[in-house]
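Here is the structure we will look at.
The values are calculated or read from the model by the stated rules, or taken from the named source; none is laboratory data. Everything quoted here is computed from the prediction, not taken from an experiment. Ideal geometry is used to build each Cβ from the backbone, glycine not excepted, and the neighbour counts take in all protein chains shown.
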Amino acid sequence: MATRKSSKTSMSLSRLKILAAGEEAPYQELIVELLASGDRLAREAALEALLERPLPGMRDQLRALFDELSGASDKLDPGAHLRERIAQLLLTFEDTRDLDVGLRASETYEKSMGVDSTANLRALGLKLVAMADLDVFPYVAAEHVNDAGSWSPEPANTALQLLASTGNQVAVYQWLVAGEHDPARRLPGSLAATAAAVLGGAHMIRCHDVAETVQAVKVALGVHRAREAG
């Protein structure tokens, strides 16, 4: 039975390579078939193909697959690689940007071999939330400014960049200094918020520690110019 299933999957993947460059209807039909197959290799190939040649109107299928994978992630999607691809695809079209999937992706904490394996998924989830609902986004992103226990800075960096770029410097500041009741010890958080705001496009900064803030702004501008030049 396993050999027959493997042979069928191989044939379908061969067809996928051919149809990916052809007419949309048979390509979409095979994509839907592979996503529903239950075969991890087939699903991964279909999602990779969609990243190369996206199809409109796939929101329901992608959302259903995300639900299925999240419900049994240890067996169906260890490491969250398939769910990462789904989040990337949902960002592709305006009508597929899904707030519910974004929220669940941003709240996913799973480990593989004892290490947090879903940091990139949380970052993609934050982007989905930002695209889907800017009113909800600041509250979700603020929780990730200090993404506890992650080996990767991606969720925190994404949260800071998006908060700054959407004009939420106040939220950035509040959450960077959260829990620090001594104002004298809040300067590092304030400078980090300043740098994030400048990198996000801010043109004016109100501050009390002028010399320190000027230095932080110069560093942030230097980073920005280096990125532009590189």
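Structural remarks
- Residue match in segment 89-102 (condition: buried (at least 22 other Cβ atoms within 10 Å of the Cβ), over 30 Å from PRO26 (Cβ atoms) and either free of Cβ contacts under 8 Å to residues at least 40 places away in the same chain or among the acidic types (Asp, Glu) (or both)): yes
- Of everything in segment 11-45 that is modelled with pLDDT of 80 or more, over 17 Å from ARG85 (Cα atoms) and of a type in the set (A, V, I, L, M), the residue that is surrounded by the fewest Cβ atoms within 10 Å (Cβ to Cβ) is ALA25.
- Unmet requirement for ASP147, which otherwise passes all of (1) among the acidic types (Asp, Glu); (2) closer than 21 Å to ASP77 by Cβ; (3) at pLDDT 80 or above: (3)
- Test for GLY38: is it part of a loop (DSSP other than H, G, I, E, B) and on the phi > 0 side of the Ramachandran plot: yes
- Flag if PRO56 is modelled with pLDDT under 85, in a helix (DSSP H, G or I) and not small (Gly, Ala, Ser): no
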